[in-house]
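Enquirer: Take a look at this one; I'll ask things after.
The values are calculated or read from the model by the stated rules, or taken from the named source; none is laboratory data. Quantities reported herein were computed from a predicted structural model and do not represent experimental measurements. Virtual Cβ from ideal backbone geometry, glycine too; neighbours counted across all protein chains shown. Side chains are part of the model used for accessible areas, which takes the heavy atoms of the whole protein and leaves out ligands, DNA and RNA. Shrake-Rupley method; radii C 1.70, N 1.55, O 1.52, S 1.80 Å.
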Amino acid sequence: MANVAIIGAQWGDEGKGKVVDWLASRADIVVRFQGGHNAGHTLVVGNQTYKLSLLPSGVVRGKLGIIGNGVVLDPEALLSEISRVRGQGLDVGPHNLRIAENVPLILPLHPAIDKAREEARGEAKIGTTGRGIGPAYEDKVARRAIRLCDLAEPETLSAKLDELLLHHNTLLKGLGAATFEKQALLDGLVALAPKLLPYAEAVWERLDGARHANKRVLFEGAQAVMLDVDHGTYPFVTSSNTVAGNAAAGSGIGPHGIGTVLGIAKAYTTRVGSGPFPTELFDDVGKRLGERGREFGTVTGRPRRCGWFDACLVRQAVKVGGVQGLALTKLDVLDGLTELKICTGYDIDGEVVKRLPAALGAQAKAKPIYEVLEGWSQSTMGARSWAELPATAIKYVKRIEELVEAPVTLLSTSPERDDTILVSDPFAG
Ligand code: GDP
Ligand code: IMO
Ligand code: MG
């Protein structure tokens, strides 16, 4: 089975949506396996721009989309996204979108807790998207989540909500935030049932069928390795495993079904929210990257922090994520810079270290060690072949390949779907 899993190799927003949309032409099914509507994936096709958060990016190509059990699903957010993209002319419904019946739901109390906790943290806030992602995953592992399949058993919902509210209202009261009434939540869930249940199924069974029929499955990661709850810059991370390994558990396919792992990285680095960022730039170059790259969060509109490409960090993401090929995006944003820097390691208390340490204190001390490369004055914007790239740009890409220890298999040179250079087809295995 020639499947491909796409994951972010930095701190998110690397252009996963664009790459998934581009590769979806070669796939039959596109599967989301973790995260929720904290993700924001922008796809540009001709004069249409699609902003997707929960819908697998394959829907734009008319491919079958699957939301796996590893996602946390906000029903209201899903329904409004479906109606928004329908308004843009896309056909999305139960015939081409299937949702794991065992997916945990995000209820209105989850964003409330998320925001109240962030407020209480003050300066130490994580900078979450405020969408209730963390609290919903906490409820899942605490075994008190309400799942999509529970909507088919309305008689059980009242007792489930009692347990949920016992926990959350106590917390909300302690935080000085408004509490929730059971009846309103119950009525909301009962009203959602007929809208959502037509999408629900045992997606593991469909994926098993796809395997037998030799269908090609594309797993679409959200967030990125440095936001992974285990491997990222904890606690400044999201609440799910973003590495490709989770594509198996998060969709109900065995580990052999994941296929080739493609990591997506920008030709520089960005981050939204708080947390360590060794190569962050506070000067005019950082400002320029933000402006040229239009670095504003798709979900929250916050300006993204910008910095030089950190090869040390991406190498680490390649190793823990099992990345076999790298898609390098936004090369065009570097156009016109005379000099480029790549971080090859960190100086920590005078010692050269080739990985980002796990502890926050040590991370804060990590001073990037830079290699300086020559930039290019020509435009690479919209290039669709290596021949259109200046020699210094090719040199920059080749150096990244060496340092991160993974081949660049795809290059992206503008937001537009077709401004992409394919080096080797990940579906070829
Ligand atoms: P994702 O979360 O990884 O899907 O990435 P986002 O969609 O949040 O952010 C990436 C942004 O960069 C989007 O606005 C894309 O349209 C844009 N983009 C993607 N690839 C390129 C590229 O090669 N060049 C430029 N200039 N923009 C790109
Ligand atoms: P895509 O899929 C960039 C960040 C938030 C915050 C941290 C925790 O578009 O790459 P959360 O709401 O998940 O509890 O927030 O994770 N974050 C993202 N940053 N891109 C994303 O998704 C992100 N999803 C979450 O900014 O720092
Ligand atoms: Mg994004």
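Enquirer: If R0 is 22 Å, what FRET efficiency do you get for residue 367 and residue 392 from their C-beta distance, rounded to 0.05?
Expert: 0.25
Enquirer: When only C-alpha pairs under 8 Å and at least 6 residues apart count, what is the relative contact order of the range 265-428, in percent?
Expert: 24 percent
Enquirer: Next question. With the Cα gyration tensor of the range 265-428 giving a ≥ b ≥ c as the square roots of its eigenvalues, does the rule (a/c under 1.5 for rounded; else a/b larger than b/c for prolate; else oblate) give rounded, prolate or oblate?
Expert: prolate
Enquirer: Is the shape of the range 1-102 rounded, prolate or oblate, going by the alpha carbon gyration tensor and its root eigenvalues a ≥ b ≥ c, with a/c under 1.5 for rounded and a/b larger than b/c for prolate?
Expert: rounded
Enquirer: Here is a follow-up. Which residue, 278, 209, 233, has the largest displacement toward the positive end of the dipole of the chain when charges sit on each Cβ (Lys, Arg +1; Asp, Glu -1)?
Expert: The listed residue farthest towards the positive side: 209.
Enquirer: Cα centroids of the range 1-47 and the range 233-302: how far apart, whole angstrom?
Expert: 12 Å
Enquirer: Can you find, among 331, 389, 193, the residue farthest towards the positive end of the dipole of the chain? Put +1 on the C-beta of Lys and Arg, -1 on that of Asp and Glu.
Expert: Going by the charge dipole, the pick is 389.
Enquirer: Follow-up question, since we're still on this one. Determine the dipole magnitude for the range 288-338: charges of +1 sit on the beta-carbon of Lys and Arg, -1 on that of Asp and Glu, nothing else is charged, the reference point is the Cα centre, and the result goes in debye to the nearest 20.
Expert: 180 debye
Enquirer: Now for a different question. Can you run phi through the Karplus equation (6.51, -1.76, 1.60; θ = phi - 60°) for the range 99-113 and list ³J(HN,Hα) in whole Hz, with x for Gly and Pro?
Expert: Each residue's phi maps through the Karplus curve to give 10, 4, 5, 9, 6, x, 9, 8, 9, x, 6, 5, x, 4, 5 Hz.
Enquirer: Among the listed pairs 18/330; 341/365; 18/125; 18/341; 51/330; 287/367, which have their C-alpha atoms separated by more than 22 angstrom in this model?
Expert: Beyond 22 Å between Cα atoms: 18/125; 18/341.
Enquirer: Suppose every K and R has +1 on its Cβ and every D and E has -1 on its Cβ; what is the size of the dipole of the chain about the Cα centre, in Debye to the nearest 20?
Expert: Dipole of the chain, to the nearest 20 debye: 200 debye.
Enquirer: Of all DSSP beta bridges in the chain, what percent run antiparallel (nearest 5)?
Expert: 40 percent
Enquirer: While we're looking at this one, here's another question. Could you sort out which of 16/319; 266/398; 115/140; 16/395; 63/398; 140/215 sit more than 26 Å apart by Cα distance in this structure?
Expert: From 16/319; 266/398; 115/140; 16/395; 63/398; 140/215, over 26 Å: 63/398; 140/215.
Enquirer: If the chain between residue 119 and residue 142 were fully stretched, how many nm would it gain, using 0.36 nm times the residue separation less the Cα-Cα distance?
Expert: My answer for the length gained is 5.9 nm.
Enquirer: At what distance in nm do the modelled label points of residue 173 and residue 385 sit from each other, each positioned 7 Å from its Cα along Cα→Cβ?
Expert: Distance between the two pseudo-spin positions: 7.1 nm.
Enquirer: Would you work out which of 146, 158, 168 lies farthest towards the positive end of the dipole of the range 112-193, given +1 charges on the beta-carbon of Lys and Arg and -1 on that of Asp and Glu, about the Cα centre?
Expert: About the Cα centre, the residue reaching furthest to the positive side is 168.
Enquirer: Expressed as a whole number of Å, what is the distance separating the alpha-carbon centroids of the range 110-134 and the range 333-380?
Expert: If you average the Cα positions of each part, the centres end up 30 Å apart.
Enquirer: Calculate the spin-label point distance for residue 49 paired with residue 208, positioning each point 7 Å from the Cα along the beta-carbon direction, and give it in nanometres.
Expert: 4.4 nm
Enquirer: Going by a ≥ b ≥ c, the root eigenvalues of the Cα gyration tensor, does the range 210-271 fall in the rounded group (a/c under 1.5), the prolate group (a/b larger than b/c) or the oblate group?
Expert: oblate
Enquirer: For a quick check, take a GNM of the chain with Cα springs below 10 Å and name the residue from 372, 353, 103 with the largest mean-square fluctuation.
Expert: 372
Enquirer: Which one, 393, 358, 311, has the greatest fluctuation when you compute a Gaussian network model over the chain with C-alpha springs under 10 angstrom?
Expert: 358
Enquirer: Please list 3J(HN,Hα) in residue order for the range 325-333, calculated via the Karplus relation 6.51 cos²θ - 1.76 cosθ + 1.60 where θ = phi - 60°; whole Hz, with x for glycine and proline.
Expert: So the Karplus estimates, Gly and Pro as x, are x, 10, 9, 9, 10, 6, 4, 4, 5 Hz.
Enquirer: Could you check which residue among 395, 341, 330 shows the biggest mean-square fluctuation in a GNM of the chain with a 10 Å Cα cutoff?
Expert: In the Gaussian network model the winner is 395.
Enquirer: If contacts are Cα pairs under 8 angstrom and at least 6 residues apart, what is the relative contact order of the chain in percent?
Expert: Across the chain, relative contact order equals 21 percent.
Enquirer: I've got another one for you. Quick one: of the DSSP bridges fully inside the range 265-428, what percent are antiparallel, nearest 5?
Expert: 75 percent
Enquirer: Please give, to one decimal in nm, the separation of the simple spin-label points placed at residue 374 and residue 427, each 7 Å out from Cα toward the Cβ.
Expert: 4.0 nm
Enquirer: Rounded to the nearest whole Å², what accessible area per residue is found for the chain with the 1.4 Å probe?
Expert: Result: 40 Å² per residue.
Enquirer: List, in order, the whole-Hz ³J(HN,Hα) value for each residue of the range 254-271 obtained from phi through the Karplus relation with A = 6.51, B = -1.76, C = 1.60 and θ = phi - 60°; use x for Gly and Pro.
Expert: Running phi through 6.51 cos²θ - 1.76 cosθ + 1.60 with θ = phi - 60° gives x, x, 6, x, 6, x, 6, 9, 10, x, 10, 9, 6, 6, 9, 10, 9, 8 Hz.
Enquirer: Same structure again: With the full set of protein chains in place, find how many percent of the accessible area of the chain is carbon and sulfur; take the probe as 1.4 Å.
Expert: 52 percent
Enquirer: Note the angle between two axes, namely the Cα long axis of helix 391-404 and the longest principal axis of the Cα atoms of the chain, as a number of degrees from 0 to 90, rounded to the nearest 10.
Expert: 60 degrees
Enquirer: If you don't mind, another one. Explain nothing, just the number: dipole magnitude of the range 221-360 about its Cα centre with +1 on each Lys and Arg Cβ and -1 on each Asp and Glu Cβ, in debye rounded to the nearest 20.
Expert: The calculation lands at about 320 debye.
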